[in-house]
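Here, each number is a calculation from the coordinates, and none is a lab measurement. Quick caveat, the model's predicted, so the values are computed rather than measured. Neighbour counts run over all protein chains shown; Cβ positions are idealised from the backbone, glycine included.
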Amino acid sequence: MGRQALVAPMKHDVPQRLYSLDELKLNGIDTSSFLSPVDFTLGSIERNLQFAALLGGFSAWVAFGFSPAQILYISLGLLFLWSVDLVSFNGGLRNLLLDTIGHSFSQKYHNRVVQHEAGHFLIAYLLGVLPKGYTLTSWEALIKEGSLNVQAGTTFVDFEFLEEIDTGKVSAKMLNRFSCIALAGVATEYLLYGYSEGGLADIGKLDGLLKSLGFTQKKADSQVRWAVLNTILLLRRHERARLQLAEAMSSGMSVGSCIGVIEMNIDSADVEMQVGGE
């Protein structure tokens with residue numbers, strides 16, 4: 001096989017130890033603002049849709065003279081569809097509807113999602129994990145993956161990590177990478193807006209992994225705080241690269257082109273190029 005250039009992970013990490021919340025605050029990090037994200041934008045859209053549905057139901061009742069029994073049957077039918085979506089598609093239809101409306105009518109929501117995914121993409125690349133694809137909307141994810149259970153996000157070439165998961169033993173190096181990549185989206189939102197709305201699933205995955213590895217609460221807190229600090233500092237250092245990457249992703253550039261954008265906007269000393277292959 002031919003020779004192939006591979007990106008090595010960055011050399012310099014934050015020293016790994018238990019950081020106190022006060023130490024994080026000294027670095028301008030308030031974890032309470034982004035480790036429990038609540039999507040206020042989609043929540044507002046959902047409440048408005050519920051209100052519109054109630055208003056529409058009342059209008060239909062008045063206009064068509066539905067009986068109480070008919071209204072009950074319609075309500076039960078809608079509840080059944082909602083339950084099917086929740087059980088069979090993990091709320092995929094609901095997420096698809098809300099996400100599509102969010103991207104269509106809220107520029108802030110659209111920009112936040114783009115910046116969130118750019119954070120995942122950038123941190124993964126800097127830590128030596130190659131991104132292999134990304135989607136910015138649930139509709140795009142549905143078209144590409146053919147499944148309502150898949151939401152918008154960034155995917156990676158993570159065979160090594162999956163192999164370690166299968167064996168039940170995850171190395172410290174791989175855990176550190178996974179932790180930083182998982183938190184990169186919420187960390188990006190925090191740096192931009194002072195809080196995070198998206199990324200609850202990312203935090204859930206990290207929490208699930210730490211629990212599956214038998215981490216105590218103290219050890220899990222230590223891992224998360226270190227990853228938060230490391231990720232925030234990397235994002236601050238490479239703000240220009242993240243901004244340019246977000247623009248590239250928003251315009252739908254290929255993964256290879258997005259990687260090229262990163263390499264043009266970071267110092268060569270930060271990433272060491274290695275030559276591999278046979």
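Beyond 31 Å, what share of the Cα-Cα pairs of the chain is found? Please give it as a whole percent. Provide the component values of the computation, followed by the final result.
Numbers: 13638 of 38503 pairs.
Cα-Cα pairs in the chain separated by more than 31 Å: 35 percent.
Shown for the chain: lysine pairs separated by 8 or more places, or found on different chains, whose C-alpha atoms are under 22 Å apart, numbering 17. Of the peptides 194-203, 230-239, the order by per-residue mean of other Cβ atoms within 10 Å, starting with the highest, comes out as 230-239, 194-203.
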